[in-house]
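Shown next, in structure tokens, is the structure this report addresses.
Every number here is computed from the coordinates shown, using simple stated rules; none is lab data. Quick caveat: nothing in here was measured; it's all calculated off a predicted structure. Here the Cβ is made from the backbone with ideal geometry for all residues, glycine too, and neighbour counts use every protein chain on show.
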Amino acid sequence: MVKFLFKLEYGWGFLSKDALQKYVVAKTITAADYQEITGEEYVDPSQKPVINPEPTTPTSDTTTTDNQEQPTN
């Protein structure tokens with residue numbers, strides 16, 4: 001019964017994939033139910049790789065910008 005309601009609510013846009021993933025973690029629905037509802041394979045959120053959008057460049061005190069004077073030694 002819950003899967004039926006979740007399928008309707010997902011189809012209407014009332015439930016997101018993130019919300020459905022939380023229901024799988026809480027064992028309200030199964031991974032197979034998630035796949036049937038969304039059409040996508042369930043991936044455990046704790047197993048997803050962390051993707052860094054862009055590496056950051058370290059900055060130092062000796063870098064200058066157009067508005068800063070260069071430090072003198």
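Bin width 5 Å, origin at 0, all Cα-Cα pairs of segment 2-41: what percent of pairs per bin? For segment 2-41, the binned pair fractions read 6, 29, 42, 21, 2 percent.
Modelled spin labels at Ile51 and Lys17, positioned 7 Å past Cα toward Cβ, are 1.0 nm from each other. With a simple spin-label model that places each label point 7 Å from the Cα along the Cα-to-Cβ direction, the separation between Leu5 and Glu41 comes to 3.1 nm.
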